[in-house]
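Data first, discussion second: the structure below is written as structure tokens.
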Amino acid sequence: MHNWYTMKFVKLDYTAQIKGGPVFETTDKKKAEKEGIVDEKRPYVPLPIVVGGGQVIAGLDEALKDLSVGAEKKIEIPPEKGYGERNPALLRIVPIKVFRKEKINPIPGMPVELDGRPARVQTVAGGRVRVDFNHDLAGKTLVYDVKIVSEASTEKDTALFLVERNFATTEGFDVKVAGKKAEIALPEKVARDRAIVVRKASLSAELFKYLELHEVSYSEVWKNPKAEAPKKDDTPKDKA
């Protein structure tokens, strides 16, 4: 039996905030503008989620299992089911020369990356910088206002759902699923994406996992923007 029969593939509208504190994420652009957290690089549309797939924090994942299309709910999530409790072992003292070597002037509150891990500067004093590797939301109780907008009900719906998860859109895609194979025609704009190989690999992996396909093929068409359309011959023709 295919996984999509037993798993839920939903699109979710939500607004998330720290309990008693500010909103830190939302799919509603007007709310994001009101809270001053607009990110112009992200689309403000319902988020595709494989419920139970570990794609969101545990407390939210668990709550979504019991919600159907159209359902709205306020969900309170404690730290242990969110981003965890704060861990003192994740505080680290770093010589300021490490930052100066990278031409960085550390100041409290600054996000940084050390040893390939995200962190945040806490204090700077006496040539030493205290850096916090805890997630910014660690130790916080979170409140999510959620609404299930839609749910995939067929294999093709699920394939399109996974396309949107990996490409942030389905516009211009032509998707066919037959038996254990899928054929996906990519729009030219997507085909020009420099991350196309990674995106196709990720989408293929999810199609294999959730639809149990054996093969995924991609096709694309590139058009020369300098090519002119054939000119019409307006020369009058003699009538017989």
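What's the total number of residues in segment 41-51 that are at pLDDT 90 or above and out of contact with any Phe, Trp or Tyr (no Cβ under 9 Å at 6 or more places or on another chain)?
Applying the first criterion (at pLDDT 90 or above) to segment 41-51 yields 44-51.
Retained after the next criterion (residues that are out of contact with any Phe, Trp or Tyr (no Cβ under 9 Å at 6 or more places or on another chain)): 44-45.
Residues that pass the stated criteria total 2.
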Among the residues of segment 119-148, which ones are among the aliphatic types (A, V, I, L, M) and within 22 Å of LEU47 (Cα to Cα)? LEU137, LEU142, VAL143, VAL146, ILE148
Name every residue in segment 46-60 that is touching a strand residue (DSSP E or B) at 6+ places or on another chain (Cβ under 6 Å) and on the phi > 0 side of the Ramachandran plot, in order of residue number. none
Could you tell me how many of the residues in segment 21-68 are over 27 Å from ALA152 (Cα atoms) and touching a residue at least 24 places away in the same chain (Cβ under 8 Å)? 2
Run LEU12 past the list (1) crowded, with 17+ Cβ neighbours inside 10 Å; (2) part of a helix (DSSP H, G or I) and report the number of the one that doesn't hold. (2)
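Restrict the check to segment 113-122 and report whether at least one residue is among the β-branched types (Val, Ile, Thr), over 30 Å from LEU12 (Cα atoms) and more than 22 Å from the chain's Cα centre (by Cα). Give the derivation first.
Looking only at segment 113-122, we keep the residues that are among the β-branched types (Val, Ile, Thr), and these are 121.
Pick out the ones that are also over 30 Å from LEU12 (Cα atoms) and you get 121.
Narrowing further to those that are more than 22 Å from the chain's Cα centre (by Cα): 121.
Taking every residue of segment 113-122 in turn, at least one turns out to be among the β-branched types (Val, Ile, Thr), over 30 Å from LEU12 (Cα atoms) and more than 22 Å from the chain's Cα centre (by Cα).
Of everything in segment 72-93, what is aliphatic (A, V, I, L, M) and either surrounded by 12 or more Cβ atoms within 10 Å (Cβ to Cβ) or in a strand (DSSP E or B) (or both)? Give them in sequence order.
In the first step, residues of segment 72-93 are kept if they are aliphatic (A, V, I, L, M); the result is 75, 77, 89-91, 93.
The answer is ILE75, ILE77, LEU90, LEU91, ILE93.
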Could you please find all residues in segment 166-200 being surrounded by 13 or more Cβ atoms within 10 Å (Cβ to Cβ) and in a helix (DSSP H, G or I)? ASN166, PHE167, VAL190, ALA191, ILE196, ARG199, LYS200
Checking THR141 against (1) of a type in the set (S, T, N, Q); (2) surrounded by fewer than 16 Cβ atoms within 10 Å (Cβ to Cβ); (3) under 30 Å from LYS19 (Cα atoms): exactly one of these is not met. Which one? (2)
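Just to verify a result, which residue in segment 96-112, among those that are crowded, with 16+ Cβ neighbours inside 10 Å and part of a helix (DSSP H, G or I), is nearest to the chain's Cα centre (by Cα)? Quick ask: steps written out before the conclusion?
Here is the first cut: in segment 96-112, the ones crowded, with 16+ Cβ neighbours inside 10 Å are 96, 99, 106, 110, 112.
Cutting the leftovers down to part of a helix (DSSP H, G or I) gives us 96, 99.
On the way: ILE96: 34, PHE99: 31 Å.
Checking each candidate, the answer is PHE99.
The values are calculated or read from the model by the stated rules, or taken from the named source; none is laboratory data. It should be emphasised that the depicted structure is a prediction, and the values quoted were computed from it without experimental measurement. Neighbour counts run over all protein chains shown; Cβ positions are idealised from the backbone, glycine included.
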